[in-house]
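Some notes on the structure that comes next.
The values are calculated or read from the model by the stated rules, or taken from the named source; none is laboratory data. Note that the structure is a prediction, hence the values are computed from the model and not measured. No Cβ is skipped: glycine too gets one built from the backbone with ideal geometry, and neighbour counts run over all protein chains shown.
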């Protein structure tokens, strides 16, 4: 089975530009998560979806960040406008039904805002 | 979620069993123990999880003490590709608590 697929793997862009990160969860998984990892703050949960519906977005840093899940096989995390402090590795994860089911992570998108 | 304590670093010879301990003395009855690892520049990789019984899969074994206050992850025949940071996470598995708290973990180095 294919794991969680994220694109792009690397993104370098200038401050002020719009950035869109993409994620394809594991087929059949009902939960999708977006995380951000930095050296200073470690791994932070930004938002998660259940059955395509956002459940908890309390980790989204500010209004410049938005996430959507238009269908069960695709999600986006958008930053507009981007700032240098948004530079981080962004991970997507998914898990199946059953509260004890583990989350499975993609390989992330390394984002650099100049 | 209960706090976990892990050694900062460990070394293990290639081909030997790597035993990674984790202390979770404040664990509650409905909290599962999860193990992940992260190899540089990759996403966290799920290894194994358990509630109170010992568990084994193709990657590793998880031994949980009878009082559930500690656990050990065992990689039976360590290879160089097992060099990574290993995280022990305890999580209440009920609706709404989806946050995985990754601590500082154990940096495992496999020595050739």
Go through the range B:30-50 and report how many residues are crowded, with 19+ Cβ neighbours inside 10 Å and part of a loop (DSSP other than H, G, I, E, B). 2
Based on this model, can you work out whether residue B:33 counts as closer than 22 Å to residue A:96 by Cα and more than 11 Å from chain A (Cβ to nearest Cβ)? no
Out of B:57, B:53, report the one residue that is at pLDDT 95 or above, within 14 Å of another protein chain (Cβ to nearest Cβ) and exposed (fewer than 13 other Cβ atoms within 10 Å of the Cβ). B:57
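Residue by residue, here is whether (1) more than 13 Å from every other protein chain (Cβ to nearest Cβ); (2) surrounded by 13 or more Cβ atoms within 10 Å (Cβ to Cβ); (3) over 23 Å from residue A:14 (Cα atoms) holds:
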{"site": "A:56", "(1), (2), (3)": "no, yes, yes"}
{"site": "A:60", "(1), (2), (3)": "yes, yes, no"}
{"site": "A:69", "(1), (2), (3)": "yes, yes, yes"}
{"site": "A:77", "(1), (2), (3)": "yes, yes, no"}
Give just the number: which of (1) outside any strand (DSSP E or B); (2) modelled with pLDDT of 95 or more does residue B:104 not satisfy? (2)
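Could you please give the count of residues in the range A:79-97 that are more than 9 Å from the chain's Cα centre (by Cα) and not in a loop (DSSP other than H, G, I, E, B)?
If we filter the range A:79-97 for residues that are more than 9 Å from the chain's Cα centre (by Cα), which is where we start, we get A:79-89, A:94-97.
Keeping just the survivors that are not in a loop (DSSP other than H, G, I, E, B) gives A:79, A:84-86, A:88-89, A:94-95.
Within the range A:79-97, residues that are more than 9 Å from the chain's Cα centre (by Cα) and not in a loop (DSSP other than H, G, I, E, B) number 8.
In the range A:100-114, which residue that is surrounded by fewer than 16 Cβ atoms within 10 Å (Cβ to Cβ) and in a loop (DSSP other than H, G, I, E, B) is farthest from the other protein chains (Cβ to nearest Cβ)? Give the derivation first.
First pass over the range A:100-114, keeping only residues surrounded by fewer than 16 Cβ atoms within 10 Å (Cβ to Cβ): A:100, A:112, A:114.
From the residues that got through so far, the ones that are in a loop (DSSP other than H, G, I, E, B) too are A:100, A:114.
Details: A:100: 4, A:114: 20 Å.
Per the criteria, the residue is A:114.
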Which members of the range B:88-112 meet the condition of being more than 9 Å from chain A (Cβ to nearest Cβ) and within 13 Å of the chain's Cα centre (by Cα)? B:88, B:89, B:90, B:105, B:106, B:107, B:108
Quick check on the range B:82-91. Is at least one of its residues part of a loop (DSSP other than H, G, I, E, B) and surrounded by fewer than 16 Cβ atoms within 10 Å (Cβ to Cβ)? no
Can you name every residue in the range B:14-28 that is part of a loop (DSSP other than H, G, I, E, B) and either within 13 Å of another protein chain (Cβ to nearest Cβ) or under 22 Å from residue B:77 (Cβ atoms) (or both)? B:14, B:15, B:16, B:17
Could you list, in sequence order, all residues of the range A:63-114 that are out of contact with any strand residue (DSSP E or B) (no Cβ under 7 Å at 6 or more places or on another chain) and free of Cβ contacts under 8 Å to residues at least 60 places away in the same chain? A:63, A:70, A:71, A:72, A:85, A:98, A:99
